[in-house]
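Below is one structure; the comments refer to it alone.
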Amino acid sequence: MIKSMTGFGKASVACGNKKIVVEIKSLNSKQLDVNLRLPGIYREKEMEIRNRLKAVLERGKVEMSVYMDQSVSDKEVCVNRPVVELYFHQMLETAAALSAEVDRGELLRTVMRFPETLKQPNEELNEAEWALLQGGMEQALEEVERFRIQEGAILKNELVHRIGLIGALAAEVPFYETKRVESIRQRLADKLKEWNEVKNIDQNRLEQEIIYYLEKLDITEEKVRLDNHCNYFLATLNEEEAPGRKLGFIAQEIGREINTMGSKANDHDIQKLVVRMKDELEKIKEQSLNIL
């Protein structure tokens, strides 16, 4: 089954009066690249979360965010008295040094806006909440997998279509080869007439050069290899679970045969077909990067 590396999943679970929301996004990447955004209470479970993401998603640029929606009444907040007193006395000392009048009530309101004047008790993660977080993560991963499978089916159809277009264009090449061969034969015949007027020509060497020249222009092997590579691409697409990298390598080989065919063709019509095949191949390479 072909999967895309692009996916999105979101899930939320209730934990008392607190709601835990999990979001997972993935994009294409050569390796697995995980970026986690976790509240401090879940940091101790970071490695377990990473390992689970790796086991399910395998490859891609993955971003997982966990955040909590908690009512104000549930949040225990208290004044950090030592810090407030330190700020307050320093402000009084500064005002006295500057001979400035001070409204103590206003000064206290100002101090309470300073950093770390309020604090929350350190929370500890209990097993019940961790189990709920795991459940939310699994739900989000299931959504990501469904998304990837849907996108993978679309990508597969697109790649099959593009490979088919390359095959169809390659099948047009023989229609122009007859004209191409006649053109090459005529040029050689004209050259031979010129050479026959020249004395002391080594006939054996001349025959060797002509054979070498004809072999250089022959594209039979390129056509056969191109057809084989296209068939191998389709077989890999249909038979393997995570063929993304392999499809990229096969596409490179297809490109080599197309390029060689274009350089050896020495024919305007065939070269136009080669340009169109290259255009389709670039689309194939771009889409293959999204496949797991």
**OP:** Taking H placed 1.01 Å from N in the peptide plane, check which residues at least 5 places from Lys61 or on another chain put their amide H under 5 Å from its amide H.
**Re:** Leu27, Asn28, Ser29, Asp33
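Could you work out the local net charge near Leu86, counting Lys and Arg as +1, Asp and Glu as -1, over the other residues with Cβ closer than 13 Å to its Cβ? Could the numbers behind the result be given before it?
Values: positive: Arg81; negative: Glu85, Glu93, Glu116.
Every neighbour counted, the sum reads -2.
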**OP:** Report, in whole Å, the centroid distance computed from the Cα atoms of the range 21-51 and the range 151-182.
**Re:** 42 Å
Subject >> For peptides 104-113, 137-146, sequence by mean Cβ density within 10 Å, most packed first >> reply: 137-146, 104-113
**OP:** Apply the Karplus parameterisation 6.51 cos²θ - 1.76 cosθ + 1.60, with θ equal to phi minus 60°, to every residue of the range 267-281 and state each ³J(HN,Hα) to the nearest whole Hz, in sequence, with x for glycine and proline.
**Re:** 8, 4, 5, 5, 5, 5, 5, 4, 4, 5, 5, 4, 4, 5, 5
Subject >> Over 28 Å between alpha carbons, listed pairs Lys19/Lys156; Lys25/Lys278; Lys156/Lys179; Lys156/Lys223; Lys179/Lys285; Lys61/Lys246 >> reply: Lys19/Lys156; Lys25/Lys278; Lys156/Lys179; Lys179/Lys285
**OP:** Provide the per-residue ³J(HN,Hα) series for the range 139-145, in order, calculated from phi with Karplus coefficients 6.51, -1.76, 1.60 and θ = phi - 60°, each as a whole number of Hz, with x at glycine and proline positions.
**Re:** 4, 5, 5, 4, 5, 4, 5
**OP:** For the range 157-163, take each phi angle, set θ = phi - 60°, evaluate the Karplus expression 6.51 cos²θ - 1.76 cosθ + 1.60, and give the result in whole Hz per residue in order, putting x for glycine and proline.
**Re:** 4, 5, 5, 4, 4, 5, 5
Subject >> Distance between modelled label sites at Phe8 and Val160, nm, 7 Å Cα→Cβ extension >> reply: 2.8 nm
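Bear in mind that the values in this text are calculations on the coordinates, not laboratory data. Note that the structure is predicted; figures quoted are calculated from it, not measured. Don't worry about glycine lacking a Cβ; one is built from the backbone with ideal geometry, like all the others, and counts go over all protein chains shown.
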